[in-house]
Amino acid sequence: MSDKRITDRDYLFLSAMVKARESKMLTDELRERMLAARSYEDAAKVLVDCGYDDMSHMNSAEVDEALSARRGAIFREIASFSPEKGTAEAFELKYDYHNAKVIIKSRGTGIDAGRLLSGAGRMSAQTLAEAYDNDDYRAVPNILAHAMSDSRGILARTNNPQLADFCLDRAYFAELNAIAGGMNGSFMKSYAASLIDGANLRAAVRTVRMGRDLEFMKTALVPGGTASEEQVAAAAVNENLAELFSGTVYAEAARLGDEAAKGGPLTKFEMACDNAAVEFIKNAKLTSFGDAPVIAYLAAVENELTAVRMILTGFLAGLAPETIRERLRESYA
């Protein structure tokens, strides 16, 4: 079946499957049960009812590995049932670019960063590493291949990892938009634009806080958001982000962004950006079937895994429940 003929009805089975699974996701109540647990072991056992493997015997590195494996397995399963390749690919994409950043920086510094690599991408981290080491990118998707080569050159010329990251970020969002543009429904396109709004909002605020000029900011901003790069740059310089994003899910984040750009608390701003992304996907709950509930489920899985990691590694690090709670973003469930 060609993707051009796909309709929301082709997602009927997958929509029903993910909606059934939402009932077993980590709710606010279950998160509180974890935080109220007497020990790490008790907190980890709460997750068994949500379909997780028993992680009560694991250390931090093993928790990271288990959660990464769970993420990859869910992505692959959704991909196997989805009528469109892009549904899961759009989420796997992020981990290819994450791995590319790790590989390029680790090779540049001579530091072994293998533990930071993820197995949730479209291809193995080993494939990317071999492509980079051999300067042979035939096994790598075209946009990512060019970005890795360009990022390598930027790092060699400037010794500035941030500029190398900007190159990969622009390529990531360009590829995300290409995937979204090739899909039948409109939700992925809207979701991609929302993610770009959040990325540009963060980049603009950080640039102003660092005292960098407008030209530098333009290298950090990417096209494709609901607000253009020019609009975001002008609003950031004029302390007018709140007005630019008023009426959107990023309204509160933008207000806090104006404050953070002037030296206000950055943590609250960052959390508000994350919460805005969760708020956006919650809108898909109103849709019975189609790509929207499936995309929202995958985004919710990402959010849940982040929360689980924060709680479990927080317990292992001896952090107080109140400290862990302050770092948690809103839940989808």
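The values are calculated or read from the model by the stated rules, or taken from the named source; none is laboratory data. As the structure is a prediction and not an experimental result, all values here were calculated from the model. Note that we place each Cβ from the backbone using ideal geometry, even for glycine, and neighbour counts take in every protein chain shown. Ligands, DNA and RNA are stripped out before the accessible areas are found, and what is left, the full protein with its side chains, is counted by its heavy atoms. Shrake-Rupley method; radii C 1.70, N 1.55, O 1.52, S 1.80 Å.
Over the chain, with the other protein chains present, what is the accessible area per residue in square angstrom, probe 1.4 angstrom?
Heavy-atom accessible area per residue stands at 48 Å².
In this structure, Glu22 and Thr219 have a Cβ-Cβ separation that, at R0 = 45 Å, corresponds to a calculated FRET efficiency of about 0.70. Scanning the chain for DSSP H helices at least 18 Å long along the axis (C-alpha atoms) with a Kyte-Doolittle mean no lower than -0.5 picks out 60-81, 142-158, 161-181, 187-209, 266-282, 291-316.
Which of rounded, prolate or oblate describes segment 1-52 when judged by the alpha-carbon gyration tensor and an a/c cut-off of 1.5?
The shape class here is prolate.
Over segment 289-333, the pair-distance histogram of Cα-Cα distances with 5 Å bins from zero comes to 5, 22, 25, 17, 13, 8, 6, 3, 1 percent, rounded to whole numbers. Evaluated at q = 0.13, 0.17, 0.21 Å⁻¹, the base-10 log of the normalised Debye intensity for segment 249-304, with identical point scatterers placed on the Cα atoms, takes the values -0.40, -0.59, -0.74.
For the chain, adding -39500 (n - 2.57) for each run of n ≥ 4 DSSP H residues and dividing by the number of residues yields -21500 deg cm²/dmol at 222 nm. With q set to 0.17 Å⁻¹, the log10 of I(q)/I(0) for segment 155-230, from the Debye formula over equal scatterers at the Cα positions, is -0.67.
One decimal place: the segment Arg209-Arg9 gains 67.2 nm when fully extended, by the rule 0.36 nm per residue minus the C-alpha distance. Please work out the Kirkwood hydrodynamic radius for segment 189-333, using every pair of different C-alpha atoms, and report it in angstroms with one decimal place. In segment 189-333 this quantity evaluates to 16.2 Å. When you restrict to C-alpha pairs under 8 Å that are six or more residues apart and normalise by the size of the chain, the relative contact order lands at 22 percent. List the residues of segment 263-277 whose backbone N lies under 20 Å from a point placed 7 Å from the Cα of Ala317 along the Cα-to-Cβ direction. Inside the label zone: 265-275. For Ala147, what is the net charge nearby, where nearby means another residue's Cβ is under 12 Å from its Cβ and Lys, Arg count +1, Asp, Glu -1? Neighbour charge sum, excluding Ala147 itself: -2.
Largest mean-square fluctuation among Arg76, Arg33, Arg206, in a Gaussian network model of the chain whose springs join Cα atoms under 10 Å apart, belongs to Arg33. Computed from the Cα positions only, the extents of the chain along the three principal axes stand at 51, 50, 45 Å, in decreasing order. Once the mean of 1/r is taken over each pair of separate Cα atoms and inverted, segment 86-193 shows a Kirkwood hydrodynamic radius of 14.2 Å. Do you know the Lys pair count in the chain for C-alpha distances under 15 Å, with sequence separation 8 or more or different chains? Taking the Cα cut-off of 15 Å, the pair count is 5. In the elastic network of the chain, a GNM with C-alpha springs shorter than 10 Å, the most mobile of Asp112, Asp258, Asp64 is Asp112.
Structure remark: mean-square fluctuation, Gaussian network model of the chain, C-alpha springs under 10 Å; the largest value among Phe216, Phe269, Phe280 belongs to Phe216.
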